[in-house]
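Just below is one structure, and these are the notes that go with it.
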Amino acid sequence: MNRIRSLWVAAGGAIAVLALGAAQRPAALAPSSGGLWEISGVPGVKAAPRMCVADPAMLAQFEHRGKSCTRVVISDAPPSTVVHYTCSAGGFGRSKMTLITPRSIRIETQGISDDLPFNYLLQARRIGDCTVAAGRSH
């Protein structure tokens, strides 16, 4: 009985460590900050969309923006980080984010959205602070 209890305690501790690790901000993105970001390279879109995000790591799930997803940092070696995410309503993705400058991030992303594969390259550029007129995260 004590062995089983010890295994459960060890498993619970490991899960807690993984959860804390997944919630941490990638070191590669530490020099960047939240705000209003303009995203270019979006397939099928003429005007670059803008997103107001508190944390630029949220841009990793651009294809699934506005959806409830869990993110896990797979690797984090500045200036790049790789993030895998899974969305509760279906779909998932993997994004490699490379910090060019604190105001510029290159995002290589691929995955499944609406039962179809996607794979494209985005350029995110911080253009200012979020305002009430700028809206919420899209």
Task: Members of the stretch 42-54 found to be more than 14 Å from the chain's Cα centre (by Cα), touching a residue at least 24 places away in the same chain (Cβ under 8 Å) and open to solvent by less than 50 Å² (accessible area, probe 1.4 Å), listed by number - done: VAL42, PRO49
Task: Any hit, the stretch 18-40, residues being open to solvent by 90 Å² or more (accessible area, probe 1.4 Å), of a type outside the set (Asp, Glu) and modelled with pLDDT of 95 or more - done: no
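What are the residues in the stretch 73-101 that are open to solvent by 50 Å² or more (accessible area, probe 1.4 Å) and within 13 Å of SER32 (Cβ to Cβ), if any?
Scanning the stretch 73-101 gives PRO78, PRO79, ILE100, THR101.
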Open item on the list: Return the residues of the stretch 42-64 that are among the charged types (D, E, K, R) and within 18 Å of PRO26 (Cβ to Cβ); say none if nothing qualifies.
Closed with: ASP55
Open item on the list: Being touching a Lys or Arg at 6+ places or on another chain (Cβ under 7 Å) and open to solvent by 80 Å² or more (accessible area, probe 1.4 Å) is the requirement here; does ALA57 meet it?
Closed with: no
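The values are calculated or read from the model by the stated rules, or taken from the named source; none is laboratory data. In this text, all values refer to a predicted model and were calculated from it rather than measured experimentally. As a convention, Cβ positions derive from the backbone with ideal geometry for all residues, glycine included, and neighbour counts pool all protein chains shown. Accessible surface is based on the protein model in full, side chains and every heavy atom, while ligands, DNA and RNA are left aside. Shrake-Rupley method; radii C 1.70, N 1.55, O 1.52, S 1.80 Å.
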